[in-house]
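Single-structure report; data block below.
What follows is calculated from the coordinates using simple rules that are stated; it is not laboratory data. This is a predicted model, so every value here is computed, not measured. No Cβ is skipped: glycine too gets one built from the backbone with ideal geometry, and neighbour counts run over all protein chains shown.
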Amino acid sequence: MAGRVGPPASGSGRVEPRWGRYHADQTDRSGGKAENLVFHGRLEHMRIAVVSDGEGGGRLRELGSGSGPHGGLWQVSDLAGAISDYQGYAGGSIRWIWAATDDLYPALMEHSLRIPRCHDIALVESLLLAYHGRFGEARSLGAAWARLHGRDVPPDPVSRAGEGADPQPTLFEPDRSAIPAGVDRLDALIEVHADQQRRIAELPHPGRFALLASVESAGALAAVEMSHSGVPWRADIHDAVLTEHLGARPPSGMRPPVLAELAGRISEEFGRRVNPDSPTQLLKAFSAIGHPVPSTRSWVIKQVDHPVVPLLLRYKELSRLHSAHGWTWLENWVSRGRFRPDYVVGGVVSGRWATRGGGALQIPKAIRKAVVADPEWTLIAADAGQLEPRVLAAVSGDDALAAAAGGDDLYAPLARSFGGDRQRAKVAVLSALYGQTGGDAAPLLRTMRRDYPSALAYVDSAAQAGEEGGLVRSWLGRTCPQPSQMWRRLVLDGTGGGPSRDGGRSARERGRFTRNFVVQATAAEWALVFMAAVRRGLAELGSTYGTPQMVFFQHDELVLHVPRPVADSAVAVLYAAAEEARTLMFGDISVRFPLEVAVVDCYADA
């Protein structure tokens with residue numbers, strides 16, 4: 001640090017950042033004296049708004065607290081260098097305010113810059129819009145600014161496409177904020193951020209929603225980091241698995257040998273030439289052998305008693321393997337020993353993540369054999385078991401269910417209500433969560449309502465709101481989409497506003513959706529808080545052997561890739577993060593969220 005100084009409070013001067021030179025050529029236009037929060041010891045309040053010029057440079061401005069003046073305005077030719085300097089002085093005390101993490105953070109990662117905290121305008125805008133029943137409206141910085149000023153709202157720019165294997169950004173993404181010409185992007189960013197803070201403060205539970213905004217933004221940082229680090233992947237093992245299951249790789253456009261053989265045997269059993277990839281041909285073939293079926297879905301044809309069925313089921317399984325994770329996938333998505341998923345944070349309405357191609361959230365167990373830790377490193381897989389039932393116990397305030405969720409196995413104590421049958425207890429809880437009423441579910445639900453009335457009342461109320469076209473929210477405030485206009489026309493008649501005869505089924509379907517939404521979305525929030533805590537804990541852990549990494553995330557499972565000497569410490573970080581997520585979200589409650597943690601060399605063994 002010798003010979004280096006912090007960004008000067010006067011808004012003029014030069015410094016030597018880690019990645020090159022930058023300079024400030026504009027001063028504080030607010031007329032107030034620019035404050036350098038680093039030197040004033042108020043690091044916990046330091047927020048910096050940043051925009052890129054798309055050519056490696058950009059502008060930054062320290063934001064004041066409340067109605068106080070903002071700090072100096074910095075025009076920099078090397079944005080990564082400027083951010084590096086700020087990080088060097090203030091570390092994790094800075095919250096970076098930017099339009100979209102996808103636009104800025106990948107290039108920072110290429111400079112080995114890890115951002116501890118940010119506020120993602122686009123993600124937070126999406127959450128706020130949904131809260132007020134405007135799910136799916138444009139969420140970019142330009143759209144938020146236009147709404148704020150009563151202008152025509154532009155559509156969101158086209159999302160960054162999945163790059164496939166090994167993206168190598170060298171500059172920041174081009175501006176995708178849709179700001180009108182003549183409007184200063186940094187001013188717009190600061191104005192929209194202030195408006196979002198105001199809107200959050202006016203909500204019934206501002207603290208909860210602020211936590212949601214924070215962990216949603218933290219999730220965006222983690223998604224970029226995991227894509228950058230990549231899942232350790234052995235292409236040779238993957239190829240061997242494919243060869244074992246499918247035979248040798250065929251020429252382009254042809255079936256692998258095992259699939260070709262199965263297709264031939266399927267045709268023999270049907271007594272006619274049938275393409276097993278064609279649902280139309282399969283439907284005709286089943287009818288011809290006296291077993292008409294309404295569809296060719298696996299669960300449908302399993303009910304048919306005919307020798308062709310096991311052959312067709314096996315063909316479907318191997319065909320999915322070939323199409324979703326075959327040799328073409330391997331070539332497109334794995335490079336230099338890493339698979340780099342392109343995550344979409346909040347890509348599902350419940351807040352769960354999605355991916356842009358790559359099938360990262362549906363990796364077959366056979367293919368997981370290819371996920372092997374690097375030499376002297378290990379994989380740590382952490383799975384939050386029974387997460388949704390435990391969330392229901394936490395949010396419903398049901399004392400009996402909370403008591404059952406105080407141990408490692410929630411279903412074991414519940415079994416006392418079902419004659420000691422743990423499986424029946426599990427079916428009863430899942431029926432309550434997902435609205436299953438057929439078969440054995442009805443008597444099980446009656447028992448649940450008798451012994452766990454608050455828990456059932458919680459999800460029943462959400463279901464009723466959904467059937468009536470209302471909105472429901474997660475614990476932190478994520479809000480479900482409104483019903484479509486078609487749904488309203490189908491379900492609600494034009495007079496009394498009640499369900500029409502034809503709309504009853506659609507109403508019940510939406511009720512099942514909202515019933516589960518309040519729990520699943522809250523479970524997704526717990527997972528985000530957990531992941532944010534793990535991310536921070538791994539950064540604090542550090543290692544002379546290499547930096548521990550989060551490399552894979554799906555729903556309630558997180559996979560780390562860490563040097564062997566720090567594996568025990570990383571496991572401790574996971575357990576501490578689970579406890580932090582529990583108390584941060586729900587306070588001091590008796591419900592526990594135990595983790596199943598496996599330290600393995602190969603993901604398939606987790």
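Tabulated data for the structure shown
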{"item": "Mean separation of Cα contacts under 8 Å (6+ apart) over length of the chain, as relative contact order %", "result": "13"}
{"item": "Residues whose placed amide H lies under 5 Å from that of G406, excluding near-sequence neighbours", "result": "R592"}
{"item": "Pairs from K369/K426; K316/K369; K284/K365; K316/K426 whose Cα-Cα separation, in the structure shown, is over 28 Å", "result": "K369/K426; K284/K365; K316/K426"}
{"item": "Cα pair count fraction exceeding 40 Å, expressed as % - the chain", "result": "38"}
{"item": "Spherically averaged projected area in nm², based on the convex hull that wraps the Cα atoms of the stretch 235-334", "result": "6.7"}
{"item": "Cubic angstrom per residue, convex hull over Cα atoms of the stretch 389-522", "result": "104"}
{"item": "Relative contact order (%) - criterion: Cα under 8 Å, at least six apart; region: the stretch 235-334", "result": "27"}
{"item": "Footprinting exposure proxy for D195, D102 (fewest neighbouring C-beta atoms within 10 Å first)", "result": "D195, D102"}
{"item": "Range in the chain, longest, excluding exposed GluC sites (Glu not before Pro) [loop by DSSP; at most 13 other beta-carbon atoms within 10 Å]", "result": "377-606"}
{"item": "Neighbour-count order for F418, F552, F135, fewest beta carbons within 10 angstrom listed first", "result": "F135, F418, F552"}
{"item": "Exposure proxy order (Cβ contacts within 10 Å, fewest to most) of R255, R416, R478", "result": "R416, R255, R478"}
{"item": "Rounded to 10°, Cα long-axis angle of helix 453-467 versus longest principal axis of the chain", "result": "90"}
{"item": "Relative contact order %, the stretch 407-524, counting alpha carbon pairs below 8 Å whose residues are six or more apart", "result": "25"}
